[in-house]
Amino acid sequence: MKFLIQLVISTLAVLISTYFLSPHISIENNSFLTALLVAAVLAFLNTVVKPIMIILTIPVTLVSFGFFLLVINALMIVLAGEIVDGFHVNGFWWALLFSFILSFVTSILERIKKHDEHDRSN
């Protein structure tokens with residue numbers, strides 16, 4: 001159940017983030033199903049592909065004081081744009097900005113969820 005709640009939160013975060021960056025980052029017809037697929041693909045990429053990329057790029061990451069991790073985040077979003085039909089990313093810089101906004105929106109939605117869980121427990 002926690003996984004499904006997290007997936008819905010990620011889906012909402014994707015929809016909200018694409019709204020702010022439209023037309024540079026877009027989901028055709030603002031489809032909830034496409035956003036759900038984007039969230040699932042990003043979860044998979046961040047779980048499987050991203051750790052491999054981090055290990056392969058340790059020297060660059062160390063030299064850049066960790067800033068190369070931002071590049072890896074943007075590449076995961078560009079890759080998701082290539083995988084998911086209906087999700088369009090207009091370049092690396094928009095993907096980088098999308099990753100910042102997506103992280104921010106996700107953190108806000110997570111806080112709302114925790115606050116709601118706290119209220120229900122009291």
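Overview of results
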item: Estimated dipole of the chain in Debye, rounded to 20 [Cβ of Lys and Arg +1, of Asp and Glu -1, Cα centre]; result: 280
item: Gaussian network model of the chain, Cα within-10 Å springs - most flexible of Ser107, Ser26, Ser17; result: Ser107
item: Amide N of region 1-30 lying under 16 Å from the label point, which is placed 7 angstrom from the Cα of Val48 along Cα→Cβ; result: none
item: Efficiency of FRET from Cβ geometry, Phe92 and Ile55, R₀ 25 Å, rounded to 0.05; result: 0.70
item: Estimated FRET transfer efficiency when R0 is 25 angstrom, pair Asp116-Leu70 (beta carbons, to 0.05); result: 0.20
item: Among [x] 8.4; [y] 9.0; [z] 7.6, the entry that matches mean projected area of the Cα convex hull in nm² as calculated here; result: [x]
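Quick note: the coordinates plus some simple rules give every number you see, no bench work behind them. Small disclaimer: the values here were computed from a predicted structure and weren't measured. Cβ: placed from backbone, ideal geometry, glycine included. Neighbour counts: every protein chain shown.
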